[in-house]
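Q: Input: one structure, supplied below.
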Amino acid sequence: MNEHVNDSYVKKAKKAGYRARSAFKLEEIDKKDKLLKPGQNVVDLGAAPGGWCQYARKKLGKKSHLIAVDLLPIEAITGVEIIQGDFTDPQVRQQINDMLDNQAIDLVLSDMAPNISGIASADQARSIGLAEGVLDWSCSVLAAEGGLLMKVFQGSGFDQLRKDVLANFRSVAVRKPGASRSRSAEVYLLARGFKGISETSG
Ligand code: SAM
């Protein structure tokens, strides 16, 4: 708790009007990798309380769709379309399609993490499972040359996940932004240049 209160990113987030310090993780990656551009259609999975959306909204301009999905409610953010539900639920996926009017998605963001049980091997497996689910879905909705940025825990299953990502994108990089606590196993896989066909689907 003390660590959190004294965390300089928490103070910075308060000052900048961000709902979560995690906004700085996306900001840092975006500044380095130039991910977000006006006009893109973006889906933010695991978006509550909305820090990433607040940052992304500023970068996307008015003609973009920015769709936020979370199990938890998200307080309204101007220009963000919010869906409360599980991203694995077919109804939620249909809602995303409907909002986009079947336009393709340029960028999928996922800051989702499983509920932590404290059993490291189980939490690791669930993180990889969640990320594989994000990858599969992204391959069915992304525009050619689209991008994917997703959180995953480093550990067992990570190397295979990275290979699976690379099978579908031209490049994949690992990012560990400064706002991500060093003792946390979380990293972000950044995939660019979606090849347009899911190689896992044959
Ligand atoms: N990026 C967010 C921000 O800047 O405010 C913080 C996201 S928080 C670290 C992770 C979120 O993922 C949680 O709010 C959790 O409810 C959500 N989540 C986990 N599994 C999910 C699922 N299957 N579907 C939708 N949301 C999920």
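Q: Rounded to whole Hz and in sequence order, give me ³J(HN,Hα) for segment 16-28 from the Karplus expression 6.51 cos²θ - 1.76 cosθ + 1.60, θ = phi - 60°, writing x for Gly and Pro.
A: Using θ = phi - 60°, the values come out as 7, x, 7, 6, 8, 4, 4, 3, 6, 5, 5, 4, 5 Hz.
Q: State log₁₀ I(q)/I(0) for the chain at q = 0.14, 0.16 Å⁻¹ as given by the Debye formula over alpha-carbon point scatterers of equal weight, solvent excluded.
A: Evaluating at q = 0.14, 0.16 Å⁻¹ gives log10 I(q)/I(0) of -0.80, -1.07.
Q: Please list, by residue number, every one of the GluC sites (Glu not before Pro) in segment 1-98 that is coil in DSSP and has at most 12 other beta-carbon atoms within 10 Å.
A: Details: sites: 3, 27, 28, 75, 81; in loops: 75.
Answer by residue number: 75.
Q: So what J values fall out for segment 100-113 if you push phi through Karplus, 6.51 cos²θ - 1.76 cosθ + 1.60 with θ = phi - 60°, rounded to Hz, Gly and Pro as x?
A: 7, 6, 6, 5, 6, 9, 8, 8, 9, 10, 9, 10, 5, 9
Q: In addition: Working out 0.36 nm times the residue gap between residue 16 and residue 89, then minus their Cα-Cα distance, what length gain in nm do you get to one decimal? Could you put the intermediate results ahead of the total?
A: Values: separation 73, 0.36 × 73 = 26.28 nm, distance 3.38 nm.
Value of the extension gain: 22.9 nm.
Q: Follow-up. For the chain, set up a GNM with springs between Cα atoms under 10 Å and report which of 56, 68, 104 has the largest fluctuation.
A: Fluctuation is largest for 104.
Q: Which whole-number percent gives the relative contact order of the chain, counting Cα pairs below 8 Å spaced six or more residues apart?
A: Numbers: 362 pairs, mean separation 34.4, N = 202.
Normalised by residue count, the contact order of the chain is 17 percent.
Q: Suppose only helical runs count, i.e. DSSP H with n ≥ 4. What mean residue ellipticity at 222 nm does that imply for the chain under -39500 (n - 2.57) per run, divided by all residues and rounded to the nearest 500 deg cm²/dmol? All intermediate terms of the calculation are to be shown ahead of the outcome.
A: On the way: 7 runs with 77 residues, N = 202.
Taking each H run of at least 4 residues, the total per residue is -11500 deg cm²/dmol.
Q: Which order, highest average first, do 84-97, 155-168 follow once you tally other Cβ atoms within 10 Å for each residue and take the mean per peptide?
A: Numbers: 84-97: 14.4, 155-168: 16.0.
Top to bottom by mean Cβ count within 10 Å: 155-168, 84-97.
Q: Charges at C-beta only: +1 for Lys and Arg, -1 for Asp and Glu. How large is the resulting dipole of the chain about its Cα centre, in Debye rounded to 20?
A: Working: 28 positive and 24 negative charges, 224 e Å.
That gives the chain a dipole magnitude of about 1080 debye.
Q: Projecting each Cα onto the charge dipole of the chain (Lys/Arg +1, Asp/Glu -1 at the beta carbon, about the Cα centre), which of 9, 83, 47 comes out farthest on the positive side?
A: My answer, from the dipole projection, is 9.
Q: With respect to the cross-link table entries 12/163; 59/151; 14/59, which display a Cα-Cα separation exceeding 31 Å?
A: Details: 12/163 36 Å; 59/151 21 Å; 14/59 20 Å.
Flagged as over cut-off: 12/163.
Since every read-out is calculated from the coordinates, none of them should be taken as a lab result. As the structure is a computational prediction, the values presented were derived from the model and not from experiment. Ideal geometry is used to build each Cβ from the backbone, glycine not excepted, and the neighbour counts take in all protein chains shown.
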